[in-house]
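A short worksheet on the structure shown next.
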Amino acid sequence: MLFNNTIKYGLTAVLFLMSLNIFPQNQATSIEYVADPSYSADPAYIDSLVKKAIDLKLYDDPYWKKLLHYKVGLHGGRSLIDDKKFFLAENGKRSLKDELVATIRAFFTPIEKDKTHAGIRFIARFSWLSEKLSIDKNRLPFDFEGRFNKYYESINVGKAIVVFPAGYMGSPASMFGHTLFIFENKQNKRIISPAINYAANTTEDFGPIFAVKGLFGFYYGYFSVMPYSDKINEYNNSEMRDMWEYTLNLSDDEVKRAFKHVVEMDKVGSRYFFLDENCSYNLLFLIDVARPELDLTSGYFFSAEPIDTIRGLIKADLVKKRDYRPSLFSQIMGRSESVSSADSDLVIKFAKGNISIEEFNSSISQNKKAELYDFTTDYLKFLLIKDKIKIEDYQKRLLQILNERSRVNNENAVEFSVKEPFPPESSHRSRKLSFSGGTYDKFKYYQLAFRPSCHSLIDSDKGLSKGSEIEFMPFSARYYPENKKFKFEKLSVVRVISLSESNRYNVANCYLLDTGGRQNILPDHTQSFGAFLNGGTGYSTSFFDLFQIYGMAETDLRFSGQYNYNSLICFGGRLGLIFDVLDVWKSVVSADFMRGVFTEKTNVMRFTAEERIKITSFFQITGCYTQEYIFKRRTHDISARAEILF
Amino acid sequence: MKKILSLVAVFGLVFASAEAFAGNAGCGLGSVLLKGKKGKVMELLATCLNGTSGNQTFAITSGTSGYEEGAVIGMTDVEVFVAKNMDSLATDIARGNGEYVDTLASMYKVQDVDGFKTKLKNNFDKIYTNTGVTSKEVVANINDVVNG
């Protein structure tokens, strides 16, 4: 995309959106304040409300805490929100009571020009307090609730839906997921319904810095809204991610409360923490506020992964219905199943401009027309997004195809729908703890390994992208009982493997990246812990949905004081095979052939085979064998692991 | 200085793209599909962090008097809808069914939805008249077909 904007660029965003007619001024149904200009509050009445609120200990009420996003953590009780705008009391972030008093008083302040009145700004707080304290609306500067209701009715909100875009090929990091909150239009106009999104706001374009800053709260997250179709275009089309829509069984009143809270969260920033205070976690507050007895925002330790928040919704019995919205790529692959090889050749040739529309038409049979035109339409979009065809060619061919399609009536057309894959909540849990025993170079060892998140090739890919691996901070440590030695084996900062399959429709790149510290083998055949960087790129394909093979050009850099110039620099290649039988038995095999150059000249060969048997969704047994040849010596490492996914 | 420069650059881009992308003419086929794309590096690392390119942030409500402005209201605007969904809508119109053309029907508040869809399908070439057709022209052509 062309640009990003922090909040300081908010103005530019608004200007831009106005130019797109997002805010059609003539359409805005301006509802003026119906306020008495001579309004003055009755101090005695306000004091009586404050007293009543304190007597009732409303500041200690769980619902008040929810409205303020108040949590008790390591630093004591405080609101997770970091924006002064959200608080009416000076120390509102920490004091529930001060904020309560300030809120009640703010409702009775006169209207000021160019300032949003608290009765508009904090409508969820007002509704709750009004109910608890029986606030007399005739004593307010204007009717807050009535004012909100007029607006709310104009939006015509029906059901609430939480959307989960699944991971996409070529980006293992996307497996982590994301969630959106949709206020569905009552007439079931789902795609133009408002989609609420919580995201970090940044102009940072450099990935690694973005990642680090995102992890440690350097960015501010904000709620924003856009038509759901924008998000469908972004995820389903541009990124080719399947989307899952979970309709919640919230009542009309509950949905309305969630919407009121969205209004309160407008333009309010909170420090964004990728692992816990992230996109998905923040949306949970909307649901917690919607239904008072819920407490979805508690019970997350260390991380709140988007899919875990979906599991939380299911567990709380909040999900009424699940809909699958296949990505553009899933549609293409789905359609391709019923298309003959000869026909798909024609589709590819036409889409890439090798045959004309006339040639295409004369080669396909009448009863296949609708199906093949639809397939071609999707494929043209795919090629455009992948930069395989120019936009001028796309426009020309798309119109040719659609013109033909519009002349085919639908009587013969078979209604097409993509077969639903396993839903994302059926995937394994992302934390993995494994215990293993084995021998390395004839020495016995015990190993403990832990991965905070998220998925590796050997794990079951049910509900996840196939051929993708991403692990954050996996580490392993060994104990050698014979010589009573404890060793850190390996710690990766991040480990990514993406094995997108190439097929006749799409040639995709594969890559791997792994960096951190590990035991490096030294020229004298001892080991020392040092930094490493392993990267590669290549291609992959699969056979019969059973075997996947890949090949990569690879480089492996190791660092240690014992190496010449402190480094071992290897170049070479890797061949790999993945074999998956009914999700129960999986085999991941690879062989590397490399040559150390410049500093240490040595041949390096490594063969690794991992075999995994899935016992339950959270328990698996894995056998692993590695043979390594380096500095003219061969070592064998064989082990068995018991792995728990939680 | 660097900040000012980048601010100027962002302004420049905004206006350039607003001009080229939307302008007064609306946008053409294909442009929306390319709009949602991210840079390579962002694709590798950032997707998990952000889940969004961070460029769509706009407010839920605006103005000091509260709720009257905002995207929520713009969502019922046919021109915006067509501009944002050019390719999906064209596909649905040619097919004579689908979520996008159904939504359009509801925006036009038509009673006979099937008749509406058939009419648009039969007049596809009158709506999407040429490869450079813009969303504004599409809306005008749809109005002509519907009222004609």
Name all residues of region A:554-591 having a backbone nitrogen under 18 Å from the label point set 7 Å from the Cα of A:Ser528 along its Cα→Cβ direction, giving them as ranges. A:557-570
Quick one: if the Förster radius is 56 Å, what FRET efficiency do A:Asn503 and A:Ser48 give, using the C-beta to C-beta distance and rounding to 0.05? 0.15
Placing unit charges on C-beta atoms (Lys and Arg positive, Asp and Glu negative, everything else neutral), compute the dipole magnitude of region A:339-396 about its Cα centre in debye, rounded to 20. 140
Among A:Leu100, A:Tyr152, A:Ser79, whose Cα lies farthest out toward the positive end of the dipole of region A:55-152, if unit charges sit on the beta carbon of Lys, Arg (+1) and Asp, Glu (-1)? A:Ser79
List the residues, sorted by chain then number, that are 5 or more residues from A:Ser270 or on another chain and whose placed amide H is less than 5 Å from its amide H. A:Asp82, A:Gly221
A 28 angstrom limit on the alpha carbon distance is what I want to check against. Which of A:Lys231/A:Lys256; A:Lys368/A:Lys396; A:Lys159/A:Lys267; A:Lys442/A:Lys466; A:Lys66/B:Lys109; A:Lys52/A:Lys150 exceed it? A:Lys442/A:Lys466; A:Lys66/B:Lys109; A:Lys52/A:Lys150
Applying 1/(1 + (r/R0)^6) with R0 = 60 Å to the Cβ-Cβ distance of A:Phe631 and A:Asp345, what FRET efficiency is obtained, to the nearest 0.05? 0.70
Rounding to the nearest 20 debye, state how big the charge dipole of region A:272-372 is about its Cα centre with +1 on each Lys and Arg Cβ and -1 on each Asp and Glu Cβ. 380
Cα-based shape type of region A:517-565, given that a ≥ b ≥ c are square roots of the gyration tensor eigenvalues and the cut on a/c is 1.5: prolate
When a/c is below 1.5 the answer is rounded, else prolate if a/b is larger than b/c, else oblate, so apply that to region A:62-194 with a ≥ b ≥ c taken from the square roots of the Cα gyration tensor eigenvalues. oblate
How tilted is helix A:252-265 with respect to the longest principal axis of chain A? Cα atoms for both, answer in degrees (0 to 90, nearest 10). 80
Would you work out if chain A is rounded, prolate or oblate? Take a ≥ b ≥ c from the square roots of the eigenvalues of the alpha-carbon gyration tensor; rounded if a/c is under 1.5, else prolate when a/b is larger than b/c, oblate otherwise. oblate
Listing A:Asp323, A:Asp545 by rising number of other beta-carbon atoms within 10 angstrom, fewest first, gives A:Asp545, A:Asp323
When A:Thr622, A:Thr179, A:Thr515 are ranked with the fewest other C-beta atoms within 10 Å first, the list becomes A:Thr515, A:Thr622, A:Thr179
Quick calc, chain A, dipole around Cα centre from Cβ unit charges on Lys, Arg (+) and Asp, Glu (-), nearest 20 debye, gives 1200
Residues A:Trp244, A:Trp585 arranged by fewest to most Cβ contacts within 10 Å: A:Trp585, A:Trp244
Rounded tilt (10° steps) of A:43-55 against the dominant C-alpha axis of chain A: 40
What ranking do A:337-350, A:43-56 get when scored by the average of other Cβ atoms within 10 Å per residue, highest first? A:337-350, A:43-56
Working from Cα positions, state the angle (0 to 90°, nearest 10) between the long axis of helix A:279-290 and the longest principal axis of chain A. 30
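Every number here is computed from the coordinates shown, using simple stated rules; none is lab data. Because the structure is predicted, anything quoted here is derived from the model rather than measured. Here Cβ is always computed from backbone atoms with ideal geometry, including for glycine, and neighbour counts include all displayed protein chains.
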